1. Between Asp79 and Asp106, what is the FRET efficiency for a Förster distance of 35 Å, r being their Cβ-Cβ separation, to the nearest 0.05?
2. What is region 66-106 by shape, rounded, prolate or oblate, if you read a ≥ b ≥ c off the alpha carbon gyration tensor as root eigenvalues and call it rounded for a/c under 1.5, prolate for a/b larger than b/c, and oblate otherwise?
3. Determine ³J(HN,Hα), in whole Hz, for all residues of region 59-69 in sequence, where each value follows from phi through the Karplus function 6.51 cos²θ - 1.76 cosθ + 1.60 and θ = phi - 60°; x replaces Gly and Pro.
4. Can you order the peptides 12-20, 80-88, 67-75 by their average number of other Cβ atoms within 10 Å per residue, highest first?
5. At R0 = 25 Å, how high is the FRET efficiency between Gln31 and Ala98 if r is their beta carbon distance? Nearest 0.05 is fine.
6. List the residues whose amide H sits under 5 Å from the amide H of Val70, counting only those 5 or more places along or on another chain, with H placed 1.01 Å from N in the peptide plane.
7. Say R0 is 30 Å: what FRET efficiency, to the nearest 0.05, do Asp90 and Asn120 get from their beta-carbon distance?
8. So what J values fall out for region 84-100 if you push phi through Karplus, 6.51 cos²θ - 1.76 cosθ + 1.60 with θ = phi - 60°, rounded to Hz, Gly and Pro as x?
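Read-outs: derived from the displayed coordinates by stated rules, not from any lab. Bear in mind that the values here come from a model prediction, so they are computed numbers and not experimental data. Here Cβ is always computed from backbone atoms with ideal geometry, including for glycine, and neighbour counts include all displayed protein chains.
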Amino acid sequence: MKPEERPIGYWLREVDRRIEDAFRRTLDGRQLRRRHWQVLNGLGPGDPFWGPGERPYAEVVADLTARGWVTPDGALTADGETARAAIAADVAEVRRRAAAGVPDEDYLTTVRTLARMAGNLSDGGPAAGTPSGG
């Protein structure tokens, strides 16, 4: 079967699987998972990302606290900020590899298309969850 003959769902699952694998390989040396990075990064300047069926948030925060990266009240420690910065560089490399050879315009079109498709399938109907202008 030619790649273009496969449905979008196939490619979404395949890309998601490969992203998870890339993060696993990147973070395994630190005994971390992708959710650890997302919590740690969420305590920095960005917002956390979480999905249904994920490892409980409290469990991940407890692990980060045990590492000395997060205080019991959920703030990054100095060691946590150092770890976040180091892991951010690793994550940036995964993202760079994933988008290598894809022109910026094509990447943005893909993201907008996937956002539109997700919005079309949301409970709110076709316009829900889509970027402005869509």
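1. Numbers: r = 39 Å, r/R0 = 1.12.
Step by step, r from the Cβ atoms, then E = 0.35.
2. Details: a/c = 4.73, a/b = 3.30, b/c = 1.43.
Since a/c reaches 1.5 and a/b is larger than b/c, the shape of region 66-106 is classed as prolate.
3. 5, 5, 4, 4, 5, 5, 5, 4, 6, x, 9
4. Result, highest mean first: 80-88, 67-75, 12-20.
5. Details: r = 23 Å, r/R0 = 0.93.
Efficiency computed from Cβ-Cβ geometry: 0.60.
6. When sequence neighbours closer than 5 places are left aside, the close amide H contacts are Thr65, Thr77.
7. Details: r = 34 Å, r/R0 = 1.13.
E(calc), rounded to 0.05, equals 0.30.
8. 4, 5, 5, 5, 4, 5, 5, 5, 4, 5, 4, 5, 4, 4, 4, 9, 4
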